[in-house]
1. Consider residue 568 carefully, then state whether it is among the β-branched types (Val, Ile, Thr) and surrounded by 20 or more Cβ atoms within 10 Å (Cβ to Cβ).
2. I'd like the full set of residues that are surrounded by fewer than 22 Cβ atoms within 10 Å (Cβ to Cβ), modelled with pLDDT under 95 and outside any strand (DSSP E or B), limited to region 427-445.
3. Any chance you could count how many residues in region 754-779 are more than 36 Å from the chain's Cα centre (by Cα), among the charged types (D, E, K, R) and not in a loop (DSSP other than H, G, I, E, B)?
4. Has region 725-734 got at least one residue that is basic (Lys, Arg), assigned to a strand (DSSP E or B), within 30 Å of residue 855 (Cα to Cα) and at pLDDT 95 or above?
5. So how many residues does region 492-514 have that are closer than 18 Å to residue 456 by Cα and open to solvent by 10 Å² or more (accessible area, probe 1.4 Å)?
6. Tell me which residues, restricted to region 788-846, are outside any strand (DSSP E or B) and under 26 Å from the mean Cα position of the chain (by Cα).
7. Tally time: how many residues in region 644-678 are charged (D, E, K, R) and open to solvent by less than 30 Å² (accessible area, probe 1.4 Å)?
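The values are calculated or read from the model by the stated rules, or taken from the named source; none is laboratory data. What you see is a predicted model; the values in this text were computed from it and never measured. With ideal geometry, Cβ positions are generated from the backbone for all residues, glycine too; neighbour counts draw on all protein chains shown. For the accessible areas, the whole protein counts, side chains as well, though only heavy atoms, and no ligand, DNA or RNA atoms are used. Shrake-Rupley method; radii C 1.70, N 1.55, O 1.52, S 1.80 Å.
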Amino acid sequence: MKYIYISIAFLLVGSAYAINQDSLMRRELKLNALRSDEQIIIDGKLSENIWKRSTSVPEFIQRDPHEGLTATEKTEVIIAYDDNALYIAARLHDSSPDSIIARLARKDDYVKSDRFLVFLDPYHDKRSGYFFTLNAAGSLSDGVLFNDDWDDDSWDGIWEGKAAIDENGWTAEIKIPFSQLRFELKEENIWGINLIREIARKNERDCLVFIPKNESGFVSRFAELYGVQKINPPGNVEVLPYINARGEFIPPIDNDPFNDGSEYFTSYGADLKVGLGSNLTLNATINPDFGQVEIDPAVINLSDVETFYQEKRPFFIEGSNIFNFGVGGANNYWGFNWGSPDFFYSRRIGRAPQGSLPDADFVNYPDGTHILGAAKLTGKIGESWNIGTIQAVTRREFVDFKLDNFTSEAEIEPLTYYGVIRGQKEFNSGDAGLGFISTSTSRFFEDPVLKDQLNKNAFTGGFDGWIFLDSSNTWVLTGWLGLSHIIGTSQRIISVQRNPLHYFQRPDSKNLSIDSTANSLTGFAGRFYLNKQKGNFFFNSAFGFLSPKFDLNDIGFQWRSDLINAHIGGGYRWTEPTDFYQFLQLGGAVYRSYNFDGMITGNGIFHFGFFQFLDYSSLNWNLSYNSEVVNTRRTRGGPITLTPSGYQADVFYNSDERKEIVFNTGIYTYQSKFSRTVGLEAGFELHPLSNISFSIMPAIEKNFESTQWVGSYKDILAENTFGRRYVFAELRQTTLSANIRLNWTFTPTLSLQLYVQPLISSGDYSNYKELKRPGSYEYLVYGFDGSTFDDEKFIADPDGNGPAPEIEIGNRDFNFKSLRGNAVLRWEYVPGSVLYFVWTQNRADFEDNGEFQVNRSLSRLWDTAPENIFMVKLTYWFNL
């Protein structure tokens, strides 16, 4: 009988909990902003008369740690405005003010701290908006909201915020100029708004608008802000001129006429931002400085796939979310053996020149292509059209070279135009959407040699969209379709067909072959998703395809083509804390890939999990098994081989980030019959003071690959492999690296950042071999079965004394050492105006041996002459 009572009690508690959550979600929240006739000084003291008014917001509700309960500390907020700006004042009561966690950080750097967050939807489209964050130490961060649930902190607004801690808790005072927001100017404006408070020591997150963890949607659930009316914002024109001085000190090579060890540069230009009405923003730049303040990490890439680098230039990253194609509506876009192509990869603009170098003894090669000018237009047209466009022109680039006593120059990059147009329309308050993207790249050649090395023109276009399938917006169908078209000389198109993205020269392909007369290439692609995004149970499935001729790498980024891929997956999340965990999520998927010949190129099962302990440390893991499949890429344009079955496992642990020392560690492995990878990383982040953080994350990886690519060699006697010998080797590679960071924030506007990345990677090649027959994993190891191999000269003879020619392989062993680092002192001396001091150093050393010796490598690296770059950059912000 007692079990019946217990069951009834559980049902009653669960019902009460569900009813409480439902009532919290349904409570109507309407806030009012007060017009201020006095000047408001942003100092965090809340001394102005308007802050003494009694108007405030309703009580906040916990999302963490006790979902649905009233906040443990009281929060009072008053909102005001004048013709220039919106003002928010908050009194954040705290029963233990001496326990408030207040950590300083430079703008947009996240640290665990007590925070107050303001979210605004000025368009009131219930899909997009802005967020502004002020922590208890006075550090600021900001960004934009999009796709209802997502955010992007790359946007950098100019606003003010100050905080002060006292015996009652702390106070926050924020000023957001209307010039930084985009909205439709009306007689009376209705905006969406949400407010969140975070109490770090309790891991508590309190929300004005409560959204359960098993629900989706964020902006669409905002409260409404009334009262902002009859405003007359000032003109919205911003000018940001800059001046830049740079010195490069690179050790010269003997007799190099182009480098005496030092070189000095000065440059200047300006960025312009103009508000076109209240809905659109035009960004333009003249003679832009598109150099990066933070360096790219060193990478050892032995694959046939290009390395992807993150964009770090402000002009391109600010507002970049409008150019995200193929995502919208859903909150999850899983992919297994699938890498979604990026129709716009902004690092194509200004990248290193792509033309081949002339034969020369010495060259003076530009680091990148100079951008003559660029313009960007983003915003809304009407109430439901989001638009964005980027137009850029890069100049013709030349390399100076000297051969014997002859000095000249050669063109290595033509004058080039890049263009992107993006639009997206939402229907029925975001229940459906339809968008498009169009990109173009046009090159204007003067040197005919470049016509056979680069595409003349490249165009891409696509449509994307979503539709919710039910009234509760639980199930959503999303997708996209795209087309690419490139134009060039017949020789150039032959090169494209043979490159690693396509491999049309594969001799055993049923449908692919080189067309030597073609002067263009047209391909298609698409991807469709079905996603369940509400409730504890979640579901995600997808089907996608990339045709063999699809190619958008002139202005986009694409990992591969000739792919048909699908998966189906799901899982369950436990959001209510128990005596064992704070949060638990388990999921999995099955997936398969084909090429357009109908061969299975990927097939597996995947499991993932996330477990948050009661002390807020966490554990996450992944497990997968991949069955034996066909490999069309191992021979890099040659016949197919087999990839044996294997499994992957990884597990990572993160300690409670509230502590002064936060630990992170993980181990991962991939194992098959013929290859093994094991990696370990373990590091920590230390906060010795509230304004200093130091982190180090060392990692070591050991990799054994039995069929590492070496090369292909023509031999008409190799009849089994279509007249070429495809040579591989066993590779034993060890890589040791670390990411080391020191952040020292003196004030919210003055900070010093140090970054160092040491890297040592050695690779030992042995047991050189060739593929015996297509469609197998069988190899002839040189030195056996009648073949020979010279270990000193690295020369292989496939049939010993037979007629087959020798193969000069050469020594492929390597030992690469690198030390990269930079120091950045950043001072925002007035809002929007910044002074940078930057020092970058790079050391690199290479040896053709595969021995992994840490002491020797560090000694050689220390003895290597460094490359030093010093830069001073000054900007000043004008708001006209």
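1. Numbers: among the β-branched types (Val, Ile, Thr): yes; surrounded by 20 or more Cβ atoms within 10 Å (Cβ to Cβ): no.
No.
2. Of everything in region 427-445, those that are surrounded by fewer than 22 Cβ atoms within 10 Å (Cβ to Cβ), modelled with pLDDT under 95 and outside any strand (DSSP E or B) turn out to be 428, 429, 431.
3. 2
4. In the first step, residues of region 725-734 are kept if they are basic (Lys, Arg); the result is 725, 732.
Still in the running and assigned to a strand (DSSP E or B): 725, 732.
Now restrict to residues that are within 30 Å of residue 855 (Cα to Cα): 732.
With the extra rule that they be at pLDDT 95 or above, the set shrinks to 732.
Yes, region 725-734 contains a residue that is basic (Lys, Arg), assigned to a strand (DSSP E or B), within 30 Å of residue 855 (Cα to Cα) and at pLDDT 95 or above.
5. Step one: of region 492-514, the residues closer than 18 Å to residue 456 by Cα are 492-499.
Now narrow it down to the ones that are open to solvent by 10 Å² or more (accessible area, probe 1.4 Å): 492, 494-495, 498-499.
Total satisfying the criteria: 5.
6. Within region 788-846, the first condition is being outside any strand (DSSP E or B), and the residues that meet it are 791-794, 798-806, 809-813, 831-832.
Correct list: 832 only.
7. Going through region 644-678, the residues charged (D, E, K, R) turn out to be 650, 656-660, 673, 676.
If we keep only those that are open to solvent by less than 30 Å² (accessible area, probe 1.4 Å) as well, we get 650, 656.
The number of residues fulfilling the criteria is 2.
Let's see how each residue does on (1) in a strand (DSSP E or B); (2) in contact with a strand residue (DSSP E or B) (Cβ under 6 Å, 6 or more places away or on another chain):
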| site | (1), (2) |
| --- | --- |
| 383 | no, no |
| 398 | yes, yes |
| 408 | yes, no |
| 421 | yes, yes |
| 425 | yes, yes |
